[in-house]
1. Could you identify the single residue in 204, 210 that is closer than 12 Å to residue 24 by Cα and touching an Asp or Glu at 6+ places or on another chain (Cβ under 6 Å)?
2. For residues that are open to solvent by less than 20 Å² (accessible area, probe 1.4 Å) and more than 19 Å from residue 104 (Cβ to Cβ), scanning just the stretch 52-76, find the one that is modelled with the lowest pLDDT.
3. Could you list, in sequence order, the residues of the stretch 114-154 that are surrounded by fewer than 17 Cβ atoms within 10 Å (Cβ to Cβ), aromatic (Phe, Trp, Tyr) and under 19 Å from residue 56 (Cβ atoms)?
4. Criterion first (acidic (Asp, Glu), open to solvent by 10 Å² or more (accessible area, probe 1.4 Å), more than 21 Å from residue 120 (Cβ to Cβ) and in contact (Cβ under 8 Å) with a residue 24 or more places away in the chain) does residue 165 satisfy it?
5. Restricting the stretch 166-219 to residues that are among the β-branched types (Val, Ile, Thr) and modelled with pLDDT of 95 or more, which is farthest from residue 65 (Cα to Cα)?
6. The conditions are (1) loosely packed, with under 13 Cβ neighbours inside 10 Å; (2) modelled with pLDDT of 95 or more, and residue 79 fails exactly one of them. Which is it?
7. Just wondering, is there one or more residues in the stretch 195-203 that are farther than 21 Å from residue 18 by Cβ, aromatic (Phe, Trp, Tyr) and open to solvent by 50 Å² or more (accessible area, probe 1.4 Å)?
8. Give the residue, chosen from 48, 106, that is charged (D, E, K, R), touching a residue at least 40 places away in the same chain (Cβ under 8 Å), surrounded by 13 or more Cβ atoms within 10 Å (Cβ to Cβ) and in contact with a Lys or Arg (Cβ under 8 Å, 6 or more places away or on another chain).
Amino acid sequence: MKQGLSYGRITWSFADDFDPRLPCLPAPIFNFTPLRINGREKRPDFSDKVALTLLRRRSERAIPFREAYRLWHLRGLRVDRDLGEGRAFLRWLDREQLSVNLASRDFTLHRYFTFGDPPSHDPNDELAQDLSFALAPVEVYSRRVKLYLQDAAVLNLLSLPFGHEEDFLNLVRRYVAKRFDWELWKAPAPLFVDWVKSEARRPLFLPGQLGICLPQKKT
């Protein structure tokens, strides 16, 4: 059964009941697949930030994610787990000088990011190097503009706890228009996420507005 929340004139769907007709907050982005450790089912409890770090982490030694997680769970120090599972696992990888190979079976993405034709970066786009998220271009004053956001900024936007809900691309258009003014006035421009917070807004996303560009996963 479809469920939604209504705030003023905007209705949006729950994360676990994605409806492409409604704006949503596509978070959490990653849902890790449970695995068995000593006969018991265990689901990795990692934040989206930790998941992105794991995907982009590189070292001379890389082992399958499930093997690394089992080893850490069996050998990891209890004191480390006070950091939270994700940070403790990353610290253990640092100590062991390891990275992990995440396979397609290890996690699923929020359905928002797999629906339709989400935006993606051109592989030759130098400005997009090491960026995990792609934003759909907007048109402002008859100019087509593409905004680039660092991973931390997108994760910050997806986790805003409050604010007046507004369509994400509408916020981007308003910000870009402001940027044109600030450039004309030679005034300093705040970062997009800081501007959104100062406007007391909380972005909601429709399909096709935000895409995720991950390193190639193994199958």
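The values are calculated or read from the model by the stated rules, or taken from the named source; none is laboratory data. Because the structure is a prediction, the values reported are computed rather than measured. Neighbour counts run over all protein chains shown; Cβ positions are idealised from the backbone, glycine included. These accessible areas exclude ligands, DNA and RNA; they are computed on the full protein's heavy atoms, side chains included. Shrake-Rupley method; radii C 1.70, N 1.55, O 1.52, S 1.80 Å.
1. On the way: 210 fails: touching an Asp or Glu at 6+ places or on another chain (Cβ under 6 Å).
Among 204, 210, only 204 is closer than 12 Å to residue 24 by Cα and touching an Asp or Glu at 6+ places or on another chain (Cβ under 6 Å).
2. This residue is 76.
3. Residue satisfying the conditions is 148 alone.
4. Numbers: acidic (Asp, Glu): yes; open to solvent by 10 Å² or more (accessible area, probe 1.4 Å): yes; more than 21 Å from residue 120 (Cβ to Cβ): yes; in contact (Cβ under 8 Å) with a residue 24 or more places away in the chain: yes.
In short, yes.
5. Going residue by residue through the stretch 166-219, those that are among the β-branched types (Val, Ile, Thr) are 172, 176, 193, 196, 212, 219.
With modelled with pLDDT of 95 or more added as a condition, the list becomes 172, 176, 193, 196, 212.
Values: 172: 36, 176: 40, 193: 32, 196: 36, 212: 21 Å.
Ranking the qualifying residues of the stretch 166-219, first place goes to 176.
6. That leaves (2) as the condition not met.
7. There is no residue in the stretch 195-203 that is farther than 21 Å from residue 18 by Cβ, aromatic (Phe, Trp, Tyr) and open to solvent by 50 Å² or more (accessible area, probe 1.4 Å).
8. 106
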